[in-house]
Amino acid sequence: MKDLYHSQRLMRQMRRQAMQRGVVAILDVGTSKISCLVLRFDGQGPLSDDNSIGSMAGQSGFRVVGAATTRSRGIKFGEIRAMQETERAIRTALQAAQKMAELRVDHVIACFSGGAPRSYGLDGRIDLEDQVVTEAEVGRVLAACDVPEYGAGREVLHAQPVNFALDHRSGLGDPRGQRGQALAVDMHMLTVDADVIQNLAHCIKRCDLELAGIASASYAAGISSLVEDEQELGAACIDLGGGATGLSIFMKKHMIFADAVRIGGDHVTGDISMGLGIPAARAEWIKTMHGGVHATGMDDREMIEIGGDTGDWEHDRRRVSRAEVIGIMRPRVEEILEEVRARLDAAGFDHMPSQQIVLTGGGSQIPGLDGLASRILGHQVRLGRPLRVHGLPQSATGPGFSSVVGLSLFAAHPQDEWWDFAVPADRYSARSLRRAVKWFRDNW
Amino acid sequence: MQSLGPSHDPAPSRLSYRVQRWMLTPGIRLGLRIGVPGLVLGAAVAAFFLTGDRVAQITGKIDDLKAMVRERPEFMVELMAIDGASADLADDIRAALPVDFPASSFDLDPDAMRDTVAALAPVESARVRIRPGGVLQVDVVERIPAALWRSWSGLSLIDAGGVRIARVDSRKDFPDLPLVAGQGADRQIAEALLLIDAAAPLGDRMRGLVRVGERRWDIVLDRDQRILLPVQDPVQALERVIALHKAHEMLDRDLAVVDMRLAARPTLRLTEDAVQELWRIRGEDAGGQDG
């Protein structure tokens, strides 16, 4: 816990350095693709006074100068399985993005979807010393949260204070400077497998880069694909990725829950490949070009060449109808959505005031998915695409890029985390020093 | 058909990745764009100059070119013309300006020459220029000797400003110049000249002027007569003496000194003989009366 705190602080320091240099790379390490953006910060726009996202959704301070996407290698379920392969893929993406940007990038902010994320709701409460909430008091109340046993081999990825309450007033975004007797905080903590983070950090280090921040992909996807009122009123973002489907629930502009289902688009491809007996690349092509989840009568007549290069004429001229493909895909997609439904139920999504659901990620492009999803998940389902940011190439505006775009928003305006506040341990000496000073002032 | 060899890996190798990153580093880019061409150019220039005695050749060529321009007949100075100087002074000037003719006008420094010439004692002012036609023209204004000055170091010519012009061996070489003597006489030569002008009626009886105590003048006449002049208004005092002389032929008498130092009380001192004679005459008168 302690050294994670330190490593997160180090990453924050790296991020500050990167902001000073004005160039940072954003890396989304996904199961099917690795995408990289190079951001150039031309100076921060003024932050809004209240805790809201400012004009241009807070992303007016940076510009995308380089973008590259490459096929992912060595990654399963959003976790690194073959490190050398992943390192090569990261290198490919970074090199292309740097070449496009004509800038050398030294700092990278990464996100990934795997590692079995698990959410915890924490709360802490302290009595204020001076009846005024200072930065140190915020740090103290955060430290006062009783951390549950999240298990060995897991690390805290996010620990974000989502709500402050001062005496009987709750729902404070920023309590600093306010007067009161007792300060309470609700914190959302997200843990993932430590090995996954370590592997990713190692891969990035092997590419001569410094890790300036790390985030959960489902969180990043939520930042970019949920619009402001959805984030405020409460919504769930479902990121249908290649190897894992992430879901994140937002409320009052804070993520309050995140989870991931370890099934994704790759499994759909695998089903097609197995069902039709064709290579995975061909199955991917068929899924992309002819996939769907609602079969109609016309789909029986639409025949798809599934090909093959065995040299056997009969084998290589096989054709299937689109209805058959849909028949293979639909159960798997239903399974994914059922699983997501179960996770949302477990999180208590039914009790949210607003139950908007946004589907994003590459898998959300399956035709007819919104109809299927609304039947399984609820009525308020829409398909989400990432926000527009400056300089983003047209090829990277699809729903498959919502986590990388969201991560660049996260890089520009990171959420306050636990480690952004002072360590309470070193606050103690300051307090005793202050007491000594006070004693002197009173007595002399 | 299927290709059997290992498929091409699209990922860049570690080396090419690093090389690309180096190439994107601003310092290295700048170094490659400016530093390397500059280095190559510098090396080429250095190699060119360091082989053989190219430096000597090039400097020799430059010197030749310079000499060619310098030795064009338009720039050559053939002779020195000295105007306004006596023959002796001209010789002195030629000795002071050691120029080997013909010389290029680039090698001559008229200002320094002017200073050298002006530093010579008999020269009051000088002007040196290079005249078209290759003539080094030296215009000299000589100092005009106004008096001879006899001092401890000997006899010398001085001009009206009191500047020593030259040493003189004999008084006889300049019989028409007045003689002044005494310490500090050279500093008051203008006053001395006024006195000499005023003393013109004395004719060739005047031998010279003596500065006494660096403050006043004596006029020395022949027969060891002296006229002691006051510090203030010596000319008027002299004119009074001359007026007395004209009225009573005073100076022709047997006087030793006419003392005009106190304007209110001019004093005459007789010679020894005259005193004896005066006493004798007075005694005779007294005796005659007695007798």
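The values are calculated or read from the model by the stated rules, or taken from the named source; none is laboratory data. Not measured: the values here are computed from a predicted model. Positions of Cβ are generated from backbone atoms using ideal geometry, with glycine treated the same way; all protein chains shown enter the neighbour counts.
Of A:Leu200, A:Leu211, all but one fail to be surrounded by 19 or more Cβ atoms within 10 Å (Cβ to Cβ), over 22 Å from A:Arg262 (Cβ atoms) and out of contact with any Pro (no Cβ under 9 Å at 6 or more places or on another chain); the exception is A:Leu211. Strands (runs of 3 or more DSSP E) wholly in segment A:101-193 with at least 3 residues that are in contact with a His (Cβ under 9 Å, 6 or more places away or on another chain) - which ones? Answer list for segment A:101-193: A:118-127, A:154-166, A:182-193. Set side by side, the residues A:Asp174, A:Asp266, A:Asp186 differ, and just one is modelled with pLDDT of 90 or more and under 24 Å from A:Arg125 (Cβ atoms), which is A:Asp186.
Of all residue pairs spaced 6 or more apart or on separate chains, those with beta-carbon atoms under 6 Å, a first member in segment A:87-102 that is facing chain B (nearest Cβ under 8 Å) and a second member that is surrounded by fewer than 23 Cβ atoms within 10 Å (Cβ to Cβ) and part of a helix (DSSP H, G or I) are A:Arg91/B:Tyr17; A:Gln95/B:Tyr17; A:Gln95/B:Gln20; A:Gln98/B:Leu24.
For segment A:79-100, a tally of residues being of a type in the set (Gly, Ala, Ser) and assigned to a strand (DSSP E or B) returns 0. Of the residues making up segment A:29-78, those that are in a helix (DSSP H, G or I) and either touching a helix residue (DSSP H, G or I) at 6+ places or on another chain (Cβ under 9 Å) or modelled with pLDDT of 75 or more (or both) are A:Ala57, A:Gly58. Just checking, does segment B:112-129 include any residue being assigned to a strand (DSSP E or B), among the basic types (Lys, Arg), more than 27 Å from B:Asp186 (Cβ to Cβ) and touching a residue at least 40 places away in the same chain (Cβ under 8 Å)? Scanning segment B:112-129 turns up no residue that is assigned to a strand (DSSP E or B), among the basic types (Lys, Arg), more than 27 Å from B:Asp186 (Cβ to Cβ) and touching a residue at least 40 places away in the same chain (Cβ under 8 Å). In this structure, B:Val235 does satisfy being surrounded by fewer than 19 Cβ atoms within 10 Å (Cβ to Cβ) and among the aliphatic types (A, V, I, L, M). Mind checking whether some residue in segment A:119-141 is more than 10 Å from chain B (Cβ to nearest Cβ) and under 26 Å from A:Leu39 (Cβ atoms)? Checked against the condition, which is being more than 10 Å from chain B (Cβ to nearest Cβ) and under 26 Å from A:Leu39 (Cβ atoms), segment A:119-141 yields no hits at all. Among the residues making up segment B:156-192, those that are under 21 Å from B:Val123 (Cβ atoms) and among the hydrophobic types (A, V, I, L, M, F, W, C) are B:Leu157, B:Ile158, B:Ala160, B:Val163, B:Ile165, B:Ala166, B:Val168, B:Phe174, B:Leu177, B:Ile189, B:Ala190. Elements of the type helices (runs of 4 or more DSSP H) sitting completely within segment A:276-393 and holding at least 2 residues that are within 20 Å of A:Gly222 (Cβ to Cβ) and at pLDDT 90 or above: these cover A:322-347, A:369-377.
Among the conditions (1) surrounded by 10 or more Cβ atoms within 10 Å (Cβ to Cβ); (2) closer than 30 Å to B:Phe101 by Cβ; (3) outside the structural domain of B:Pro98 (by TED's automatic domain parsing), B:Val40 misses just one, which is (2). B:Arg223 satisfies every condition listed in (1) surrounded by 15 or more Cβ atoms within 10 Å (Cβ to Cβ); (2) outside any helix (DSSP H, G or I) except (1). The sole residue among B:Gln232, B:Gln225 that is within 28 Å of B:Glu272 (Cβ to Cβ) and of a type in the set (S, T, N, Q) is B:Gln225. Just to be sure before I move on: is A:Leu200 in a strand (DSSP E or B) and among the hydrophobic types (A, V, I, L, M, F, W, C) in the structure I sent? No; evaluated as a whole, the condition is false for this residue. Counting residues in segment B:256-264 that are surrounded by 15 or more Cβ atoms within 10 Å (Cβ to Cβ), within 21 Å of B:Ala190 (Cβ to Cβ) and free of Cβ contacts under 8 Å to residues at least 40 places away in the same chain gives one or more.
Please verify whether B:Pro26 is closer than 27 Å to A:Asp208 by Cβ and either surrounded by fewer than 10 Cβ atoms within 10 Å (Cβ to Cβ) or away from chain A (no Cβ under 14 Å) (or both), treating the condition exactly as stated. Yes; evaluated as a whole, the condition is true for this residue.
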